[in-house]
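Structure, as structure tokens:
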Amino acid sequence: MLSWLGNRIATYLEKPGATPATSSTCSPAQLADTILPGDILLVDGSSRISKAIKYLTQSTWSHATLCVQKDLGNKAEDIQLLEADVLEGVRTIPLSEYAHLHTRICRPKGLSADDIDSIITFGTERIGHQYDTKNIIDLARYLIQTPPVPVGWRRSMLSLGSGDPTRAICSSLVAQCFQSVKYPILPEIITQESGKNGQIQSVKEIMDSQHHSLFTPRDFDISPYFQIVKPTLESGFNHKQIQWLAHSDNSELK
């Protein structure tokens, strides 16, 4: 019954919302040239479910995908992304599906080629897993009306997932992929002191990772371990080559 209800709600939430989608800030060709396997592509979606995710996480980003293949070619339709779709579950889709939307590339630093292969393998082995319907029902509550929830409480009010390993939401799927090689996203830093007889001899900091179900698309954006890569800059941007529209009154900005 819960699964049936979740699927019905998912069908409704996947439809476009009233707010128009934000256009891409780069061309599909620039995006395709820049993205690499192992990169995370965040998406500013315009569906009803995107509205709920952005409200609760106080972020521009409503969806997270993982680039898993680029050896077919350099066009957007040749590059493959791994995602957890509300209706279709975990699947791969071409980059061209999101090339017209506002996106952001988040690139992990310091990973070896073997690490990236392991991350991609971990993710692609989960193709066919279903989206977590418990998460769908949680999100639906905030589309009936947008409650005046204090900013600091919004994330804690979103119950992210049921914990079933055969189900996934977009950000938890991507988080699991990176945690499989112990790559940090937003770990909690814990200070440990050691010594004898009440005397502190040394202090060290260790990292404690969050459960993958607690991550949201926003976390990859603000993580200090992912580099924000902008295709317009990577493609050789030169402001002197911009052709500005000439105004008839030739007035200067003040």
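Of all the listed residues (91, 107), the sole one being open to solvent by 40 Å² or more (accessible area, probe 1.4 Å), in a strand (DSSP E or B) and either touching a residue at least 60 places away in the same chain (Cβ under 8 Å) or among the aliphatic types (A, V, I, L, M) (or both) is 107. Flag set for residue 71, criterion: open to solvent by 50 Å² or more (accessible area, probe 1.4 Å) and either outside any helix (DSSP H, G or I) or out of contact with any Leu (no Cβ under 8 Å at 6 or more places or on another chain) (or both). With the requirement that a residue be among the polar types (S, T, N, Q) and more than 14 Å from residue 119 (Cβ to Cβ), what does region 56-79 give you? Result: 57, 58, 59, 60, 62, 74.
Quick one: would you say residue 112 is modelled with pLDDT of 95 or more and not charged (D, E, K, R)?
Yes.
Residue count for region 27-45 satisfying the condition of being open to solvent by 20 Å² or more (accessible area, probe 1.4 Å) and either within 28 Å of residue 179 (Cβ to Cβ) or not in a helix (DSSP H, G or I) (or both): 3. Screening residue 56 against (1) modelled with pLDDT of 90 or more; (2) in a helix (DSSP H, G or I) leaves a single unmet condition, (1).
This table checks each residue for (1) open to solvent by 20 Å² or more (accessible area, probe 1.4 Å); (2) assigned to a strand (DSSP E or B).
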| residue | (1), (2) |
| --- | --- |
| 61 | no, no |
| 65 | no, yes |
| 75 | yes, no |
| 99 | no, no |
| 120 | yes, no |
| 126 | yes, no |
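The values are calculated or read from the model by the stated rules, or taken from the named source; none is laboratory data. In this text the structure is predicted, and so the values were computed from the model without any measurement. Cβ atoms come from the backbone with ideal geometry, glycine included; neighbour counts cover every protein chain shown. What goes into the accessible areas is simple: the full protein's heavy atoms, side chains included, and nothing from ligands, DNA or RNA. Shrake-Rupley method; radii C 1.70, N 1.55, O 1.52, S 1.80 Å.
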